[in-house]
Amino acid sequence: MTAVTISGTFSKDERPNNGLERIADDLIRNQLGRHVVVGIVQFAGATIPGPGEPLSPRVKFLAIEPLRDDAAEQGRQMLDQARKLVNLGPVAETLFDAVADVDDRPGVDPGPPAAGGNLPGADEPTIPSIGPDDGPVSERRRDEWLDGPQ
């Protein structure tokens, strides 16, 4: 498969087309969060290949916009459908995606904390309650599981 590189800048007169600037504060505040975007790319050049190597195209974004709320969910669904057509699975969510809706801005009340190890919106506990003295569960005596099989 031929690699495609991405030109990563917008010139000064193209900056209104860089919708990522509108979420710059969110990017800084939630550095582990993911953001769904929609964009249009265009061929911007190619890397001269060495002998026997394929031509490597470069694209630039003509416009890019972040999606929020229902539009972001629809964007994820479209991406998952497009990946399925080329035999890829959905982009895996991370723990940080599950809590990305928490508003941690100064002066904003985030609401009550999640109950006992549950992520916001979770139906079942995600972290089982473990007492301070609970340790590994084994039929073997403590000496056996510390020393390994003999």
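When the residues of the range 67-96 are narrowed to those that are open to solvent by less than 80 Å² (accessible area, probe 1.4 Å) and under 22 Å from Ala24 (Cβ atoms), which ends up modelled with the lowest pLDDT?
Of the range 67-96, the ones open to solvent by less than 80 Å² (accessible area, probe 1.4 Å) are 67, 71-72, 75, 80, 82-83, 89, 91-92, 94.
Filter once more, so that each one left must be under 22 Å from Ala24 (Cβ atoms): 67, 71-72, 75, 94.
Details: Leu67: 94, Ala71: 92, Ala72: 91, Gly75: 92, Thr94: 73.
Step by step, filter the range 67-96, then rank; the result is Thr94.
Which of the residues spanning the range 43-61 are without any contact (Cβ under 8 Å) to a residue 12 or more places away in the chain and either of a type in the set (S, T, N, Q) or open to solvent by less than 40 Å² (accessible area, probe 1.4 Å) (or both)? Break it down into steps so the answer makes sense when it comes.
Initially, the range 43-61 is screened for residues without any contact (Cβ under 8 Å) to a residue 12 or more places away in the chain, giving 48-53.
Result: Gly50, single match.
Inside the range 1-25, residues that are under 14 Å from Gln42 (Cα atoms) and either open to solvent by 80 Å² or more (accessible area, probe 1.4 Å) or hydroxyl-bearing (Ser, Thr, Tyr) (or both) make up a count of 5.
In the set Ile64, Ile40, which member is in contact with a strand residue (DSSP E or B) (Cβ under 7 Å, 6 or more places away or on another chain), surrounded by fewer than 14 Cβ atoms within 10 Å (Cβ to Cβ) and modelled with pLDDT of 90 or more? I'd like the intermediate steps shown before the answer.
Details: Ile64 fails: surrounded by fewer than 14 Cβ atoms within 10 Å (Cβ to Cβ).
Step by step, each of Ile64, Ile40 is checked, and only Ile40 is in contact with a strand residue (DSSP E or B) (Cβ under 7 Å, 6 or more places away or on another chain), surrounded by fewer than 14 Cβ atoms within 10 Å (Cβ to Cβ) and modelled with pLDDT of 90 or more.
What about Ile6, is it out of contact with any Phe, Trp or Tyr (no Cβ under 7 Å at 6 or more places or on another chain) and under 18 Å from Val91 (Cβ atoms)?
On the way: out of contact with any Phe, Trp or Tyr (no Cβ under 7 Å at 6 or more places or on another chain): yes; under 18 Å from Val91 (Cβ atoms): yes.
Yes.
The values are calculated or read from the model by the stated rules, or taken from the named source; none is laboratory data. Keep in mind it's a predicted model, so treat the numbers as computed, not measured. Neighbour counts run over all protein chains shown; Cβ positions are idealised from the backbone, glycine included. Side chains are part of the model used for accessible areas, which takes the heavy atoms of the whole protein and leaves out ligands, DNA and RNA. Shrake-Rupley method; radii C 1.70, N 1.55, O 1.52, S 1.80 Å.
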